[in-house]
1. Where in the stretch A:472-585 are the strands (runs of 3 or more DSSP E), entirely inside, with at least 3 residues that are within 29 Å of the chain's Cα centre (by Cα) and under 30 Å from residue A:628 (Cβ atoms)?
2. Taking the stretch B:300-319 as the region of interest, how many residues are within 7 Å of chain A (Cβ to nearest Cβ) and within 19 Å of the chain's Cα centre (by Cα)?
3. Return the only residue of B:582, B:558, B:541 being under 26 Å from residue A:602 (Cα atoms) and among the acidic types (Asp, Glu).
4. So for the stretch B:263-272 (the condition being more than 18 Å from the chain's Cα centre (by Cα), within 14 Å of chain A (Cβ to nearest Cβ) and either assigned to a helix (DSSP H, G or I) or surrounded by fewer than 24 Cβ atoms within 10 Å (Cβ to Cβ) (or both)), does at least one residue qualify?
5. Just one of the numbered conditions (1) touching a residue at least 40 places away in the same chain (Cβ under 8 Å); (2) touching a helix residue (DSSP H, G or I) at 6+ places or on another chain (Cβ under 7 Å) is not true of residue B:600; which one?
6. Among the candidates A:218, A:236, single out the residue that is at pLDDT below 95 and of a type in the set (Gly, Ala, Ser).
7. Just one of (1) assigned by TED's automatic domain parsing to the domain that holds residue A:441; (2) out of contact with any strand residue (DSSP E or B) (no Cβ under 8 Å at 6 or more places or on another chain); (3) at pLDDT 95 or above trips up residue A:491, so point out which.
Protein chains: 2
Amino acid sequence: MTKMTALSISNITFSDNLWKKRQQLIRESVIPYQWDTLNDNVPGVEPSHTLENFRIAAGLSDATYYGMVFQDSDLYKWLETVGYSLSMHRTEELEKKADEAIDLVAAAQEESGYIHTYHQCVRPDKKWTNLRDDHELYCAGHLMEAAVAYFDATGKTVLLNVACRFADLISDLFGPGENQMKGYPGHPEIELALLKLYKATDNIKYLNSSKFFIDERGNEPHYFEWEAAQRGDNKGTPPSYCQSHLPIREQSSIEGHAVRAVYLYTAVAELAAETGDPELVEASERVWRNMTDKRMYVTGGIGSSHYHESFSFDYDLPSDRAYTETCASVGLVFWAERMLQLKEDASYADVMERTIYNGLLSGMSLDGTKYFYVNPLEVWPEAVKTRNDLSDTELERQGWFVCACCPPNIARFISSFGDYVYAFKEDRKELQVNLYAAGDAVFSTDTENIRVRQTTEYPWGEHVSFTLDSDKGGVELTVALRVPGWCRNPELKVNGETVDIEDVTENGYAKVHRYWQKEDDVTLFLPMEVEWIRADTRVRENIGKTALQRGPMVYCLEEHDNGSELQEILVSDESPCDVTFEEGDLGGINVITGQGYRETLHGDALYTTQRPHREPVTFKAVPYFSWANRTPGEMRVWLREAKND
Amino acid sequence: MTKMTALSISNITFSDNLWKKRQQLIRESVIPYQWDTLNDNVPGVEPSHTLENFRIAAGLSDATYYGMVFQDSDLYKWLETVGYSLSMHRTEELEKKADEAIDLVAAAQEESGYIHTYHQCVRPDKKWTNLRDDHELYCAGHLMEAAVAYFDATGKTVLLNVACRFADLISDLFGPGENQMKGYPGHPEIELALLKLYKATDNIKYLNSSKFFIDERGNEPHYFEWEAAQRGDNKGTPPSYCQSHLPIREQSSIEGHAVRAVYLYTAVAELAAETGDPELVEASERVWRNMTDKRMYVTGGIGSSHYHESFSFDYDLPSDRAYTETCASVGLVFWAERMLQLKEDASYADVMERTIYNGLLSGMSLDGTKYFYVNPLEVWPEAVKTRNDLSDTELERQGWFVCACCPPNIARFISSFGDYVYAFKEDRKELQVNLYAAGDAVFSTDTENIRVRQTTEYPWGEHVSFTLDSDKGGVELTVALRVPGWCRNPELKVNGETVDIEDVTENGYAKVHRYWQKEDDVTLFLPMEVEWIRADTRVRENIGKTALQRGPMVYCLEEHDNGSELQEILVSDESPCDVTFEEGDLGGINVITGQGYRETLHGDALYTTQRPHREPVTFKAVPYFSWANRTPGEMRVWLREAKND
């Protein structure tokens, strides 16, 4: 397998209306806000106590531990975000705060290398006795991810040393040796983090630890059952909740807690790419296909069940009861990116793009201050307020959560978005472009620095142009441009001359090889028709319905634009739609307007033999990610389709 | 208000294929089976312990109490069923068993009149301290209903005396007096039972007690809150769960636990009829309309939410998550019958008939041995097995339940079905016929005995004929025949001659007044077209769908007849349907067959821009009540409608 190198995000800047603004929001608002939250300085939001917990563990405070068993990870995710942000905009003030926090983490670390403030403060004698529920390995993983990001950004090694010392302890404790523990984490995360640490340090021990955790999961005798018996604990979640119902090499469907599942498979795919292990490659592909072919929402969200925040079964994709946690979308993007590395097929980037622009971005408000944990595809306000089976669904994004995994997760993703745009295949001198967003990037080969400029209005506009420029005057290189799966008639021009795109497209990438000079220009034209998406008819929820998509964006109707009782609106692909760019209150988006019908039957009787009455209406659809940024109200993605025969 | 007298069911016998068979099933199978269950003599079903609890309370056993706090009511409902059954078929063996059980109940009664084995055995010092949850008054109510039914059937007074002694104690304890408790039951039931006891004994004290409970409910200070504070109990259900969120006179919507709500309003409507209190009349009508216009399923089932077994909010009628408890259907029929007494409008009988033939009868298997607690309008087996929000739904009827309220409730209803068919208005010598079922009835005026013979294939056939015959040779009488709301073009013939039915119809009853002689015959022709029912478009679940109904029967598709993926089937009212009587495995029913389409899109991708493919199929629908009597599988009532524009 070809070794791929992501460009360092330190050299990628965006100039578009979507990522530029969001990265700025993260830098200017979210990072300071989350810092205040972690320090309990935000009145009216759920207390965090995260920093205080580290002070207690470090012996610097007499307070009492408060928070979830995975509270530490909130600080680690913040530090990871800060790392990405400093890569792009190094500011002394933020770095100073982060260094202080890192010093505190280092102070809290035990001599052995152990660090998990919950156990240190609350149950010091129960370390490693409940891998299923206690999240020590999970927090260790987030520590490693933060350490690598912070080291990449600043070159500073304090946090990296903390992470390595803990990783060393874990590598000693867990493994195939006679005196080593045969456990693995209830919540996967450390598997992917150890691979990052391996890449940052080149220490093969960390890769081997990751491999051990992956190989061990699901073996008999079942570790969590053995461990629970030791504790005298007869409660707990079923094995599939933690993906330990079967060894990974035998799994064929995506099961259990959605975030856990995609974090786990992110590591499986990356390990498969690193080792070339064919069983892991096959398991990755098999489970990926089950997810994307049968258990993924059109928004790229995953998790059909509030109960256990989990996958349910094939074709069960209820719109209103969708859980589709923001963190699960983030994790799905991680996995998609690893599959792309593993298989070099643009269809993985299609899924990645679908999730990013829809079910992931929806997790944050346009002003960056509020978050959705749950991202449903349909809301009926009265049901959200009344029905117990929607008790986790919210009509409006919230400032923070008791279980605050999603806000820092979306922040770290947005800050590192650049990582997902380009990939450079050094051995064959190929620059892959997986996502489109206006901006500049600089990357280096052994001999030169190459500047890439991407000019586009994407995701709103249909043209993407590239120029390349080397400090040596010119560069021989293949540029591989992803042709999105949603695009029907893409066109390619090099220096104004049309190239037959089919001739040059391989695995979904249109490839242009040449000696690039300053004045060369390659342009991809991606016509963005309004697409009428239908689901497999085994998805009961969506039969007879259509979802509107344009480019990567899935659309929805909101009550704000269309009135209430959205189920009464029918749309038809026989009526042409208009696409208009609106500056307006949603931050600059394309809206779709079209002619449809409103079908009503509001009589005295609940049931009648009359047919509903239809009258024409104009509907207005907005990108799904932008919903719930105006008047709270009804929303729906899947629209009833008129006359589809 | 006109005093109405139901004909004694002792004088009504059925000869049809539905009620005759079911009453026989109750008599020959259900009553003995339930007796064995109450005595814990059925291997493999949930233990009941009901009789044993009475023995413990009577000092005849040293065992330990087992069961719900309302376990006593299972015996009382059985005794009530036995009463109805003995009215029609008096058998020594059954009466002997019942008398023994009654003697045991009498032995368990305390000197004070108190009887509630849970408190007597488990918490004797906590009587009347938790009216919200402890069901003492609820059990008292079922005791009274059983006592009246058994007295009516046998003339024996042992149980009636037990009931009166307990009612006397309750009337002393609760009331408006200075030293009386101001409480009311958490689970309404005693209110309607006290009115039955009043009618059986003519003791106005019982009517006054019922009135007290009804008037007191929901007043401030809130009794359940006061009582909970006394107990130091800060948990518990919200006031609307018990319909105590507002005084009844101020309620305008049906709220909370569905069975409680309809039991309560049964009493409210009856008390309104007894007292003429205009505020109670209005409250009954207001809340009834809210229920039937906005919160009732097309099967006549009620309760849209598993959580709290409750109503939810207007137009929220999910088919798969329907709770629609069998007991709630039984209670709705009680209430409908009281509304009919109160208002003399056939539309109440329409609702009563809808519920009886659909959402109530579905609660029992065709062979009478198995029961549904939950009666959904749509099932997807995989979802029932997997989804936590369907955890109470079953694919197959069960033998018994831990909370075994439904089986005895449906048994007592079927045994007393005759009560709902006829009503005789003595003052104006009018025989009202509210439901149609072949059979004979005898009733008496001051001067004569009148025999009514109803000849019909209803609910399968369209003609209903009546002959009347008096022991005096003839009788002057009005026969008022309900013209069902579902019927479009009814016709009426008297002795073969057509009468203009519109001319003689009043409040939904076609009235024929004459001096009836043996040879006279009145025939109602009720054409039973296949009706294509649509719901108000504010019911999101049902928009774009239709339910098939013929006569009073709502139909459904089952996987057994139509294959799986029933959502793919589209029906159209432009294709004619055939109705065929099938003896077959569903005990003799009309099936509907028709031409529809199957719409499929089973591709490699979950989402595509392709349209589904349609091909013609023949569908077969069976009456809803008969579902799940063959191979377990998918079922749905609301069918997608093709080309409804």
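The values are calculated or read from the model by the stated rules, or taken from the named source; none is laboratory data. This is a predicted model, so every value here is computed, not measured. Cβ: placed from backbone, ideal geometry, glycine included. Neighbour counts: every protein chain shown.
1. A:530-535, A:545-550, A:553-558, A:577-582
2. 1
3. B:541
4. no
5. Here residue B:600 clears every test but (1).
6. Residue meeting the stated conditions: A:236.
7. For residue A:491, the exception is condition (2).
For every residue, the table says whether it meets (1) surrounded by 22 or more Cβ atoms within 10 Å (Cβ to Cβ); (2) at pLDDT 95 or above; (3) in contact with a strand residue (DSSP E or B) (Cβ under 8 Å, 6 or more places away or on another chain).
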| site | (1), (2), (3) |
| --- | --- |
| A:314 | no, yes, no |
| A:338 | yes, yes, no |
| A:342 | yes, yes, no |
| A:367 | no, no, no |
| A:375 | yes, yes, no |
| A:384 | no, yes, no |
| A:391 | no, no, no |
| A:402 | no, no, no |
| A:408 | yes, no, no |
